Amino acid sequence: MKTNVYVLYGGKSVEHEVSLKSASAILNALNRDKFNVYPVYITKEGIWCNLGLLEEEIQDVKQLQVKPSTTIAKSIGEFLAKDFREGEKNIIFPAIHGINGEDGTIQGLLELLDVPYVGNEVLSSAAAMDKVIMRDVFSNHGIPQTKYISFRLHNWKENETKCYKQVEEKIGYPCYIKPANSGSSVGISIAENREELKKSFQKAFLYDCKIIIEKEVVGREMQTSVIGNNHPKASVSGEFIMEKPFFDYNAKYIDGKITPVVPARLEPEVADKVREMAVKSFKVLNCYGLARVDIFVTDDNQILVNEVNTMPGFTALSMTPVLWEATNGTTYAELIEWLIKLAFKRYQQKKSILYTRGVEE
């Protein structure tokens, strides 16, 4: 019997369009001889729409979108009651980036439904998504990283000047200002003076009620994919050559003005340290399945972890599939199947755990 794979995509995040691209690639890569493939579109309003059994290749992401006339609660109820094939071998592939997809919320729902799903669980998803929490965890475990400070919206509104002074005293210029919970470089900007800092605060607070300010790191950013459950493995690292120093949303997904270099230009011993640090970061955040760990390497080979992406993109420009093909020849389709197998293994492991008080003998 084939496995039913429900690929969730879209969502309420600012990364909605990126998710469509990832889903398109995943849907086309799934082997129809092994899997029944069901695209499940989540609109920008949060409404779930099962497009039914997919039999044709997706040529345009517009094929993955519909305009429903129902409510969020009803749409989820209808999906579970009518579309989800209970009693068969099922798995969910949440190809959703950002809020309500990569932050532990959808993972929590799937845990309550007792459904196997690909990728990270509630804790790791939430911790990695919140850049402040992630850095706090790294601090406790000795993970090397840049200096940082965070602010909440109400603190900033109560005393803007105090916030700016703290940044200047503790971090200095230039610095990066980011929403605590966001991805694909949305809402991120760099400030080199007080005026730019003010504008950056305003921009970042449009996307979250908590922001983080980080000291600029002068170095190259390495991207390393880590895959596994109990014994995760790291791919070779890759990097991008960019026309401009800030790798923003347009550079990633629209302009195409980036050139991937795989493997990255590193001395062998430095490359090994980067991979080791990627696996350590993965384990510290209690990750399962997959993650992409971004690490800065300075000119004097200092290693600083930047962030961990628990559901990295699978678009044509995404590093994850490219890295594994360069590492051991894993194809895109094989990578998807690898992740599905890991998800089922993790699900079975969790099912063996005793959640209620056992009967004393």
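The values are calculated or read from the model by the stated rules, or taken from the named source; none is laboratory data. Since the structure is predicted, the reported quantities are computational estimates derived from the model, not experimental observations. Don't worry about glycine lacking a Cβ; one is built from the backbone with ideal geometry, like all the others, and counts go over all protein chains shown. For the accessible areas, the whole protein counts, side chains as well, though only heavy atoms, and no ligand, DNA or RNA atoms are used. Shrake-Rupley method; radii C 1.70, N 1.55, O 1.52, S 1.80 Å.
Okay, residues lined up against (1) assigned to a loop (DSSP other than H, G, I, E, B); (2) within 22 Å of the chain's Cα centre (by Cα):
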| position | (1), (2) |
| --- | --- |
| L110 | no, yes |
| N120 | yes, yes |
| A128 | no, yes |
| I143 | yes, yes |
| S150 | no, yes |
| T161 | no, no |
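Return the residues of the stretch 3-28 that are open to solvent by 20 Å² or more (accessible area, probe 1.4 Å), in a helix (DSSP H, G or I) and of a type in the set (A, V, I, L, M, F, W, C); say none if nothing qualifies. Passing the criteria: only A25. Of everything listed in (1) more than 18 Å from the chain's Cα centre (by Cα); (2) more than 17 Å from V236 (Cβ to Cβ); (3) in a helix (DSSP H, G or I); (4) of a type in the set (A, V, I, L, M), the single unmet condition for A271 is (2).
The set of residues from the stretch 289-329 being in a loop (DSSP other than H, G, I, E, B), touching a Pro at 6+ places or on another chain (Cβ under 9 Å), open to solvent by 20 Å² or more (accessible area, probe 1.4 Å) and over 20 Å from E214 (Cβ atoms) comprises just one member, L317.
Okay, residues lined up against (1) surrounded by fewer than 19 Cβ atoms within 10 Å (Cβ to Cβ); (2) without any contact (Cβ under 8 Å) to a residue 60 or more places away in the chain; (3) touching a strand residue (DSSP E or B) at 6+ places or on another chain (Cβ under 6 Å):
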site	(1), (2), (3)
T71	yes, yes, no
E86	yes, yes, no
F93	no, no, yes
H97	no, no, no
D114	yes, yes, no
V122	yes, yes, no
R135	no, no, yes
F138	no, no, no
